[in-house]
Every structure is written in structure tokens, then in C-alpha cells.
Amino acid sequence: MAAITAALVIGGAVVLGTVHLVLGMAADRQQMSVAGISPATMSVSAWSAGAVLAAFLLLCAALLLRTALTDRSPARLGRALLTGAAVLHAALAALAVGLVGWGAFAALIAVFVLLMLTLTLYPPGGAAPRRTPSVPASDPQVGQGDAGLREQAAQQRQ
């Protein structure tokens, strides 16, 4: 599960980086300016945003690959980063449905769902340690149901 999610997040990083590269080139070549900001600032801002988003998603993909290889949940900071990636995909999906269409929405929501499944299927801190019961072995244990009561009655008769 985490490996598939990592592959999709890597794909998303490439797409976001490429989109921001194209936006930066378009702003630079057409000399676009918004509210008096220079076209060079606009293009560099688009390129920087694309680089930061792509780097963030690649970091999340590395965490997902580590999770898949070790079969252990990421630490607290890693879980926070993956939660941020899930929120990013949900927000992008909300924007994409209006700007691009339902296909882009479905793809982004699929990655969101896989991120959430990865976060929930790998519990934080690994598996909880088993505790030894403090009750004597002759008492029925939780989950034994009627079999435990029958066994206890048989021991008392002897």
C-alpha cells in the first residue's frame, strides 16, 4: 500500500514541478505582471513554489518508501508530513474539480485516500506491546466466552 502511494506521490511531484515550470516560463515570456510585481519576480516565484512543492512531495514519497520497506509507521514528524501531504492533495482536488475537471479531482482524491490509508493502516509507534494478565490462569480470560467458564467449572469440580 505505502509503495503504491509513494509511486503516485512521486508522479504528483513531477506534475506539480512541471506545471510550475511552465507557469513561470509563461509569465516570463509574456511579461505578465500582477499588481505591479515585475515579470521576473512572477516567474521566479512560480519556479520557487514548484520546487518547494516538488521537494516536499519527494520527501513524503521517501517516507512512504521507508514505511513500505520496513513495514513500520513513520515517527511523529513523518506522520505530520504525510498528513500535510494529504491535506495538500485534498485542497488541490477541490481546486482541480473547478479548474481542470472531474478526472483530475478523482486522481487527487485517490492519492488522498491512499495517504490516509497508509496513515491509518500503520499505527503510530508500531504494534502495542502485549501485557501479561494480572489475573491467575484459572480465571476466564477476556475473549474466551463460554469455553472459559466451562473450563473454570471443570477445574473447580476436581
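General remarks:
- All told, Gly11 meets the bar of being under 18 Å from the mean Cα position of the chain (by Cα), open to solvent by less than 50 Å² (accessible area, probe 1.4 Å) and at negative phi.
- If the condition is being within 17 Å of Leu88 (Cα to Cα) and touching a residue at least 60 places away in the same chain (Cβ under 8 Å), then region 1-53 contributes Thr5, Ala6, Leu8, Val9, Gly12.
- Residue under evaluation Ser73, criteria (1) buried (at least 17 other Cβ atoms within 10 Å of the Cβ); (2) part of a helix (DSSP H, G or I), criterion not met: (2)
- Considering the conditions (1) touching a residue at least 24 places away in the same chain (Cβ under 8 Å); (2) among the basic types (Lys, Arg); (3) surrounded by 14 or more Cβ atoms within 10 Å (Cβ to Cβ), Arg66 is excluded by exactly one of them, (1).
- The one condition in (1) open to solvent by 50 Å² or more (accessible area, probe 1.4 Å); (2) modelled with pLDDT of 95 or more; (3) within 19 Å of Ala110 (Cβ to Cβ) that Ala61 fails to fulfil: (1)
Rundown of residues vs (1) within 14 Å of Thr5 (Cβ to Cβ); (2) assigned to a helix (DSSP H, G or I); (3) within 11 Å of the chain's Cα centre (by Cα), yes/no style:
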residue: Leu65; (1), (2), (3): yes, yes, no
residue: Leu69; (1), (2), (3): yes, yes, no
residue: Leu92; (1), (2), (3): no, yes, no
residue: Leu108; (1), (2), (3): yes, yes, no
residue: Leu114; (1), (2), (3): yes, yes, yes
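The values are calculated or read from the model by the stated rules, or taken from the named source; none is laboratory data. Please read all numbers here as calculations on a predicted model, not as lab measurements. Backbone-built Cβ (ideal geometry, glycine too); neighbour counts: all protein chains shown. Calculation scope for accessible area: heavy atoms of the full protein, side chains included, ligands and nucleic acids excluded. Shrake-Rupley method; radii C 1.70, N 1.55, O 1.52, S 1.80 Å.
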